[in-house]
Amino acid sequence: LEEFGARLASSHHVLTYFDAAGWMLSVGGNPRTADKVAEINFCPGANWREESVGTNGPGTALAEKRPVEVFASEHFVEAWQYWSCSAAPILAPGSNELLGLVDLTGPWEAHDVQALVAARAIAHAVEERLRSVQIVREQILEYAFRMAADAGDGLFAVDQRGRVLAVNDAARRRLA
């Protein structure tokens with residue numbers, strides 16, 4: 001995200017990242033634009049869910065779990081109507097779980113018809129990075145279980161949610 005944001009520094013746009021609850025976690029891109037949007041509380045630490053602030057790019061994309069563009073007067077609050085937002089959700093690999101979203105925001109007169117395409121491409125790049133991390137994690141797990149196959153210890157692999165991902169033969173024998 002830092003790399004994509006740095007590429008926007010010469011444009012009139014910022015790239016923001018939100019978590020699944022609508023909290024802005026980062027902003028990059030054009031520093032002057034970042035300062036201007038901070039005046040309307042479009043800055044890290046602010047919540048932009050529709051339930052909190054009405055129709056806006058990130059909030060609508062979160063609510064609908066799909067890429068959206070909210071242009072100028074489509075914003076709920078008049079103070080935000082100077083801006084155009086293109087937001088795309090980031091989904092967990094292999095599921096439809098919403099992890100967060102990216103948003104490209106700029107002045108409505110600098111509206112870029114490709115902004116939504118760019119937001120979708122950035123979100124897809126993040127999803128692909130997450131997918132590659134998951135694949136590496138699964139390969140490490142598979143290797144570890146192959147190496148422990150002959151060990152006498154029963155082994156279980158669980159994910160951060162407590163779901164069992166793998167069990168070796170020693171553990172299966174003890175459970176039986």
Estimated distance in nm for a label pair at Glu109 and Arg146, the labels positioned 7 Å out from Cα along Cα-to-Cβ: 6.2
Estimated FRET transfer efficiency when R0 is 25 angstrom, pair Arg66-Ser26 (beta carbons, to 0.05): 0.70
Span-like helix ranges in the chain, DSSP H, alpha carbon extent 27 angstrom or more, Kyte mean at least 0.0: 115-147
Carbon plus sulfur fraction of accessible area for the chain, probe 1.4 Å, in percent: 54
Pair-distance profile P(r), taking every C-alpha pair of the chain, with 10 angstrom steps and integer %: 10, 33, 24, 13, 11, 7, 2
Highest-MSF residue in the chain out of Leu15, Leu98, Leu141 [GNM, Cα springs under 10 Å]: Leu141
Average accessible area per residue (Å²) across the chain - probe 1.4 Å, nucleic acids and ligands excluded: 58
Segment Arg174-Ala9, length gained on full extension (0.36 nm per residue, minus Cα span): 53.5 nm
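The values are calculated or read from the model by the stated rules, or taken from the named source; none is laboratory data. These figures come from a predicted structure and were not determined experimentally. Don't worry about glycine lacking a Cβ; one is built from the backbone with ideal geometry, like all the others, and counts go over all protein chains shown. The area values use the complete protein model at the heavy-atom level, side chains included, leaving out ligands, DNA and RNA. Shrake-Rupley method; radii C 1.70, N 1.55, O 1.52, S 1.80 Å.
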